[in-house]
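Here is the structure we will look at, set down as structure tokens.
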Amino acid sequence: MKKTLGILIIICISIFSCSKSTNISDKKNDISVYDFNGKVKSVKSQLYNLIAEKDTFRIGEKINGLSFDRNSLLEFNKLGNLTSSKEFYANGKVSDEIIYTYDEDNRLIKRKEIDNYGKGFFYEYEFQYDSKDSIIQWTISNDDFKRTYNIERDKNNRPIKSKVIQNDTVFATYTAKYDSDNNVISENEFKYNDVPVKLIERSFNKQNLKEKEQVIEYKTWDTLNYVNIFFYDNNKNLILEKSNIDSDSTYYEIEYSYHSNGELKDYKTTPQGSSYFVIMAQKYNKNGDLIENSRIPNDDKPKEVWNYIYKYDSKNNWIEKTEFKDNKPLRIVKRDIEYYE
């Protein structure tokens, strides 16, 4: 039976495709989604501030989670899927918790989110599958509401339509169309049954690489028409992405480069057509870990740079990440990773 990932793949299914360059559906299990190596049993992360001392620094107090760094505990089963996820405050109290339940075929059938802040608000997710292990329905509920996602599939078991029903009313509708090579060439989102929200038409080249995307977004005050254009190198790696509003002026450009092993090396987002803009750039090492994040205004304001230094274990999973801003120490994340035998 196919392994079912966590809620990440569910989100992708609800809109029929993943927008990021890395396709979650290609991942084998939750361990690979998190990019861990080996038979990981649990990962405990703890976040501390750093105190500068002359030309060095020391570890200070434990702090609450910031950005992507959290005080957390992830637990996996032997097949590599999450069974529980907890986040903690600096004082050790649980802030929120997610519990995953699988059937005998390791298909995710329940997911419960518990927010321990305040009154302990929660959400429960339940998933139903067809005979081919594909999701055909999932629900979100708590004491106050229930929302159901019904997924319709074609004869090739591809999702072609999804309806979101809440309080016996169609809340949203998604549709998709495919070409003969199984590429999603049309992806549309509607409010209720037929009020358009976002309409996407795509074209692919002979190598089945996405080369053009025409998008119409219906906003409250206006309608956006833009085209996304994609360029690749000889290894089929995406190297440039351009977005144009009304096919007139460039709205942004994203440049990508890669390590020799195929891992993303860096990318840079450059807005265009404005008197003031900020260039965002990121760099990654050969393990796929972020090593530099920069913010570069196009005026006389100073450039801001965040750097990250890692320490790895014998499985090549990082167990320490030290963060600096403009060469000044900020934070450190320490991870304890336990493996199955």
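Laboratory data are not the source of any read-out in this text; all were calculated from the coordinates shown. Keep in mind that what you see is a predicted model, and the values were worked out from it rather than measured. Every residue, glycine as well, gets a Cβ built from its backbone with ideal geometry; the counts of neighbours run over all protein chains shown.
The figures follow:
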{"item": "Share, in percent, of DSSP beta bridges within the chain that are antiparallel, nearest 5", "result": "100 percent"}
{"item": "Gyration tensor (alpha-carbon) shape descriptor, region 147-242, a/c threshold 1.5", "result": "oblate"}
{"item": "Loop sites in region 193-232: chymotrypsin sites (Phe, Trp or Tyr not before Pro), DSSP, at most 11 other Cβ within 10 Å", "result": "Trp221"}
{"item": "Cα gyration tensor category, rounded, prolate or oblate, for region 85-149 with a/c compared to 1.5", "result": "oblate"}
{"item": "Three-way shape call for region 246-341 based on the alpha-carbon gyration tensor, with the a/c threshold at 1.5", "result": "oblate"}
{"item": "Inter-label distance for Asp144 and Ser275, nm, one decimal - labels placed 7 Å from Cα along Cα-to-Cβ", "result": "4.4 nm"}
{"item": "Centre separation in Å (Cα based) which lies between region 63-127 and region 295-341", "result": "24 Å"}
{"item": "Simple spin-label estimate for Asp299 and Asn327 in nanometres, 7 Å along Cα-Cβ", "result": "2.6 nm"}
{"item": "Region 162-211 and region 32-47: distance between their alpha carbon centers, rounded to Å", "result": "34 Å"}
{"item": "Per residue Cα convex hull volume in Å³ - calculated over the chain", "result": "190 Å³"}
{"item": "Label point distance in nm, Glu53-Ser134, each placed 7 Å from Cα along Cα→Cβ", "result": "6.0 nm"}
